Structure formats: C-alpha cells, structure tokens
Ligand code: SF4
Ligand code: SF4
C-alpha cells in the first residue's frame, strides 16, 4: 500500500527534529515564553504536551490533518528557547515551522497568517493578532493625548497583515508617494571623497 505523503512527512520531521528522544522532563514548558504572551494559553499548547501529542499520534492521514488543524499547535512562537534548554536535543521550533508549512501546503490554514498582499504564509494568526492588539493599545494611548490616531499609526496597524517583504515595499511606496506629492526630487547620495 502507498504511504500517505502527510504521514511520511510527519515521520520524517519527527526523526529529523529528534522528537522521539524526548524524556518528558518539562524543561521546555518551564522556559516557554508563550505563558507570558497569551492570556488564553491552554496547558496542552505548551511544548512538552505538543511533543507528547505528536509522538502518541496514530500516523494516518486523518490523524495528521487533525493534529495540524488543532488550534493548540498554532500558539508556538518558534523562538527556539525550548530547543536551547532541551537535554535531549529536541528541535521543536524547527518541527513546528516545518509542519506548519506542510499544513499550509495541504490547505490547512485556519491558524496561519497569509500576507494580505502576496498570499505568502509568514506567521500565525494568533501571533499577528497579538502584535496588532498590542500596537493598537499603544496607539490608542497616544491618540488620547493627541485627540486622534495619526495616519501613520493607522497605516502601521494595517501593515501587520503583510509579510516582511510586502511591508517593506509598502513603506517604500508610501515614502516615495509622499515625497512626490510634496514635489520633492530624490537626490542621489554623494560619496565622500
Ligand atoms: S525539554 Fe526536551 S526532553 Fe524535556 S520535555 Fe521538553 S522536549 Fe522533552
Ligand atoms: S519555540 Fe515555541 S514551544 Fe519552544 S519555547 Fe519558543 S514558543 Fe515555546
């Protein structure tokens, strides 16, 4: 019988990232910054639980799809702190990043942030929403003292939905546009002799 590509990919990722060396010591969960970042973090989204869930899974296509669709798999910030502290060398950051890309490639996208301009998968929805929320709170504080949020603040809040490349292009276009509107010419930077 032909093996499912999803099952093969999961098995390869478990092997490559050494998940099966996990001794369930919990050092990863103790250092994981997600507890500080997300108010609604369930215990089962902590790294030790994630590793355990993937290791105990039955490798069928449906099971792999269920694991990748599970909202608890999309909390991880892929910061690599757990891998740096893990005594067994488990590379959960690399595992999460690879499996998420696999999920997106297989149309499992509920937890993924796709760029509003080019459609590239660049982060998780949860991380983008959290960053946007934090930014809006800061901008709202400023707006109270300034009466209204500035156009710059509004544009910055919108840019959270863009991948880093499109964000850079959008910023460049905006600056160039405002210079042209102001009738200012670009002058080449002269090298110092
Ligand atoms: S620190 Fe490493 S060995 Fe310990 S529970 Fe986490 S992944 Fe497993
Ligand atoms: S890579 Fe993910 S699971 Fe590991 S410490 Fe960072 S946020 Fe936590």
| note | Taking the stretch 62-99 and keeping only residues that are over 19 Å from residue 112 (Cα atoms) and within 12 Å of ligand 1 (Cβ to nearest atom), one is left with 81, 82, 83, 84, 85, 86, 87, 88, 89, 90, 91
| message | Can you tell me which condition residue 88 does not meet? The list is (1) in a helix (DSSP H, G or I); (2) farther than 14 Å from residue 13 by Cα, and all the others hold. | response | (1)
| Count of the stretch 97-125 residues which are touching a strand residue (DSSP E or B) at 6+ places or on another chain (Cβ under 9 Å) and closer than 26 Å to residue 7 by Cα | 16
| Restricting the stretch 6-18 to residues that are assigned to a helix (DSSP H, G or I) and within 16 Å of ligand 1 (Cβ to nearest atom), the residue that is nearest to residue 106 (Cα to Cα) | 13
| query | Looking at (1) part of a helix (DSSP H, G or I); (2) more than 16 Å from ligand 2 (Cβ to nearest atom), can you tell me which one residue 3 breaks? | reply | (1)
| said: What's the total number of residues in the stretch 6-15 that are more than 16 Å from ligand 2 (Cβ to nearest atom) and touching a residue at least 12 places away in the same chain (Cβ under 8 Å)? | reply: 5
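Okay, residues lined up against (1) without any contact (Cβ under 8 Å) to a residue 60 or more places away in the chain; (2) in a helix (DSSP H, G or I):
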site	(1), (2)
20	yes, yes
23	no, no
28	no, yes
35	yes, yes
39	yes, no
44	yes, yes
50	yes, yes
55	yes, yes
58	yes, no
| task | Please state which one of 103, 96 is under 29 Å from residue 159 (Cβ atoms) and within 13 Å of ligand 2 (Cβ to nearest atom). | result | 96
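Residue by residue, here is whether (1) touching a helix residue (DSSP H, G or I) at 6+ places or on another chain (Cβ under 8 Å); (2) more than 10 Å from ligand 1 (Cβ to nearest atom); (3) more than 17 Å from residue 96 (Cα to Cα); (4) modelled with pLDDT under 95 holds:
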site	(1), (2), (3), (4)
28	yes, no, no, no
34	yes, yes, no, no
39	no, yes, yes, yes
45	yes, yes, no, no
49	yes, no, no, no
56	no, yes, no, yes
60	yes, yes, yes, yes
| Do we find a residue being more than 16 Å from ligand 2 (Cβ to nearest atom) and either closer than 17 Å to residue 15 by Cα or in contact (Cβ under 8 Å) with a residue 40 or more places away in the chain (or both) anywhere in the stretch 75-85? | no
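The values are calculated or read from the model by the stated rules, or taken from the named source; none is laboratory data. Bear in mind that the values here come from a model prediction, so they are computed numbers and not experimental data. With ideal geometry, Cβ positions are generated from the backbone for all residues, glycine too; neighbour counts draw on all protein chains shown.
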